[in-house]
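Q: Would you mind keeping the following structure in view while I ask a few things?
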Amino acid sequence: MGVFSALTTAVSGMQAQSYALENISGNIANSRTAGFKRVDTTFSDLVPDSALNRQISGSVAAYSQSTNSIQGDLTATRIDTNAAINGDGFFVVDQRTTGLGSNTQFANTNLYTRRGDFDFDANGYLVNGAGYYLKGLKIDTVTGQLIGTQPEVLRITKEQFPAKATTSIEYRANIPAVPGTNNATAGTPGSELLSPTGFTSNPLSTTEGGTGVVIGSDLTRFLSQTIPGGSVTVYDALGKATSVELRWGKTVNAAPAVAADPAAIPPVVGSAATVDTWNLFVAENTGATGAVPAYRNANTSITFGSTGQLETPANGNILLPEMTIGGTLISSAANPINLTTGGNGVTQNGDVSGQIDARSIRQDGYTAGTLDRTSVSATGQVIGTFSNGQVVALAQLSVARFNADNALKRLDGGAFEETIESGAPIIGLGTSQLIGGNVEQSNTDIADEFSKMIVTQQAYSANTKVITTAQEMLRDVFSIIR
């Protein structure tokens, strides 16, 4: 029976090497397939049960060995919606069954792939080159919170991004201790102040006994006693843009400190204030005449202490007055605009120019816009850039990790499905990160595959040689009876 066993063993060897050659062939064929994971071959000996001193080496069986956990090279594609996973994990995808556009029906099953060459189709779905649709969670563009808990096929359309009315203006500036107004005269204390004297309508804050309005007939006098504070474009609820011009006027100087020798520094007569006081004005109609309002006072006394730090308002927020500019309601009781300073964003320090140094004037409103481009961040967010300059997170890609990546079942198109051996998916990037504009290539090494091919070919030939030898031995046996 030894010769016949040798034949059987040689046949099993040829079958095993054929199986290995088939895997090598598939690896080489997919050496340029994005996200492909090569299949290696492992061999196992089959030893028949026999007495200890009669054991033989036995036949051989071939099995596949997955390399799902081995990452391929990452290649830049310059396509913003492409993404590669640097580390563990798989994109969660689904397959289309029927329908088109918004009526597209999907299999509603979670499949997994490393193939990240996703791009938009005509209906706004992100689909890769193998026809698998990307899944994730939508993000509320207003609150920034995730919508839902289960991954769903992502559809991002180029619908208009709604306008947002301005509610806050972030203001960062240094206001000069001595404003360089047109009326300011060196050596004349108080000449730089905004004084109600000579005004038809007292422009000071209502908290200081004024009307809080600068009318057209007082415009020239007002401009000569105040300094510009910068301008900013704000938006109403419909996205209409309006320029808002700010202007500051100092109304009270703090009394100077009295030295040990009173004769050395004569105190300013008539001033007992301990803080410097300013008023903020907003331009309503710079071309106003007569009794038509030109500027409106914010009606808040803004004071600075001896160190130049803002003291009031204590929270650093200044509510702009209710007003209409160019026919557009800018600030109202229902939709007020807050000028925020952050407490220390506005200071009063010496400045030889006598002008306000506005370091930052930013507001939170914007006009309506459309989606210009999308990209994928390192954390897996789909980021939308809109024509109105807004950059908003639109969705969060779902990335699944497994305790046993190599136990996933392979499907066509570089996809995998969960098995009992692989364990349940763990949703989340973990320590991995996404690299946008890149695609992971096949992890096949051509040189290594050709080396394995040579070894496989030689092993196959050796097994055929065993069969030839066994045939010759059997022929010799049959020749005995002649």
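FYI, it's all coordinate maths here, none of it is from the lab. All values reported here derive from a predicted model rather than from experimental measurement. Glycine also receives a Cβ, built like all others from the backbone with ideal geometry; neighbour counts cover every protein chain displayed.
Q: Relative to the longest principal axis of the chain, what angle (0 to 90°, nearest 10) does the C-alpha long axis of helix 2-29 take?
A: Tilt of helix 2-29: around 30 degrees.
Q: Label 7 Å along Cα→Cβ of L329; segment 201-242 residues with amide nitrogen under 18 Å?
A: Backbone N within reach: 234-242.
Q: Continuing with the same structure: Rounded to the nearest 500 deg cm²/dmol, what is the calculated helix-only ellipticity per residue at 222 nm for the chain, with -39500 (n - 2.57) per DSSP H run of length n ≥ 4?
A: -5000 deg cm²/dmol
Q: Would you mind working out the magnitude of the charge dipole of segment 334-482 relative to its Cα centre, with +1 at each Lys and Arg C-beta and -1 at each Asp and Glu C-beta, to the nearest 20 Debye? Walk me through the numbers before you get to the answer.
A: On the way: 10 positive and 15 negative charges, 54 e Å.
The dipole magnitude comes to about 260 debye.
Q: Using +1 at the C-beta of Lys and Arg and -1 at the C-beta of Asp and Glu, which of V439, T456, I467 has the Cα lying farthest in the positive direction of the dipole of segment 411-482?
A: Positive-end residue among those listed: I467.
Q: Additional query: How high is the FRET efficiency between V11 and D119 when r is their beta carbon distance and R₀ equals 41 Å, given to the nearest 0.05?
A: On the way: r = 49 Å, r/R0 = 1.19.
Once the sixth-power term is evaluated, E becomes 0.25.
Q: Match the structure shown to one of the listed values (1) 40.7; (2) 22.0; (3) 20.7 of mean projected area of the Cα convex hull in nm², computed from it, and give that label.
A: After the calculation, the listed value that fits is (1).
Q: What dipole magnitude, in Debye to the nearest 20, does segment 1-96 give about its Cα centre under +1 on Lys/Arg Cβ and -1 on Asp/Glu Cβ? Intermediate values should be presented prior to the final figure.
A: Working: 6 positive and 8 negative charges, 37 e Å.
Rounded to the nearest 20 debye, it is 180 debye.
Q: State the answer as a single residue: which of S31, L7, T206 lies farthest towards the positive end of the charge dipole of the chain, with beta carbon charges of +1 for Lys and Arg and -1 for Asp and Glu, about the Cα centre.
A: With unit charges placed on the Cβ atoms, the residue in question is L7.
Q: Let me ask another. Would you mind checking K37/K135; K138/K164; K409/K465 for any pair whose Cα atoms are more than 30 angstrom apart?
A: On the way: K37/K135 21 Å; K138/K164 21 Å; K409/K465 37 Å.
Over 30 Å Cα-Cα: K409/K465.
Q: Placing unit charges on C-beta atoms (Lys and Arg positive, Asp and Glu negative, everything else neutral), compute the dipole magnitude of segment 168-363 about its Cα centre in debye, rounded to 20. Provide the component values of the computation, followed by the final result.
A: On the way: 8 positive and 13 negative charges, 57 e Å.
Rounded to the nearest 20 debye, it is 280 debye.
Q: Right, here's the next one. Nearest 10 degrees, 0 to 90: what angle lies between the long axis of helix 446-478 and the longest principal axis of the chain (Cα atoms)?
A: Once rounded, one gets 10 degrees.
Q: At what distance in nm do the modelled label points of N103 and S451 sit from each other, each positioned 7 Å from its Cα along Cα→Cβ?
A: So the two model labels end up 5.7 nm from each other.
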